[in-house]
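Some notes on the structure that comes next.
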Amino acid sequence: MTGQQKVETGRFWAFSLKFYDSPEVQEACLALQDEGSADVNLALYLLFRARDGVAFDAASVAQVDAAVAGWRDDVVVPLRSLRRKLKPSPFSVDDEGQQKLRNQIKKAELEAERLEQFHLEARFGRFPGQPMAPDMAARTSLAALNAHLGGKLPERAVAALLNRFSV
């Protein structure tokens, strides 16, 4: 890494897999993404850092979001869009072939998200934020994300994430 301190990556990915392993969290993340236009990886990153009592304000969230916006917009979102288009097998080609292609795209989308997470962890792993208790850091950071997105996050989704975080 040129000009950056090397940070061990992979802890954020492990946190995300464990945190996401709940139907309520999965539903909340889809709502954040589809209704709130949020990058789920960014929301999970804020919660990952909140475990250590690091809170982000709206300006810091904007800075972190800007670091992955190009990757998300040019790689992750197009893969997701294509995968979703293939879900009902809408084209007049082999249904089984479409499903196989959809699964390959799903794997590529997951890998793109993993790479985004590794980038966030490596680039902002030592980002100081505002120190506070983990639960308060999670609330503060998700409120900052909501402010950054213009108040579009569904309250029920945020509540589900905070509920899972406090477990």
- Return an integer: the convex hull volume of the alpha-carbon atoms of the chain, in Å³ per residue. 122
- Message: At a 10 angstrom cut-off on C-beta neighbours, averaged per residue, how do the peptides 79-87, 26-34, 138-146 rank from highest to lowest?
- Response: 138-146, 26-34, 79-87
- Task: Based on the mean of other Cβ atoms within 10 Å per residue, sort peptides 90-98, 114-122 so the most packed one is first.
- Result: 114-122, 90-98
- Note on the structure: Helix 155-165 sits off the longest principal axis of the Cα atoms of the chain, rounded to the nearest 10 on a 0 to 90 degree scale, by 70
- Task: Report, to the nearest 10°, how far helix 77-86 tilts away from the longest principal axis of the Cα atoms in the chain, using its own Cα long axis and a range of 0 to 90°.
- Result: 40
- Expressed as an acute angle from 0 to 90° and rounded to the nearest 10, what is the orientation of the C-alpha long axis of helix 95-124 relative to the principal long axis of the chain? 20
- Mind listing the long-range amide H neighbours of ALA55? Cut-off is under 5 Å, sequence gap 5 or more, other chains count too, H placed in the peptide plane at 1.01 Å from N. GLN130, MET132
- Query: Straight-line reach from LYS152: which aspartates and glutamates have a Cα under 17 Å away, not including same-chain ones fewer than 8 places off?
  - Reply: GLU27, ASP34, GLU35, ASP39, ASP57, ASP65
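All of the numbers you see were taken from the coordinates with simple rules; none came from a lab. All figures in this text were calculated on a predicted structure; none of them were measured in a lab. For neighbour counting, all protein chains shown are included, and Cβ atoms are generated from backbone atoms with ideal geometry for every residue, glycine included.
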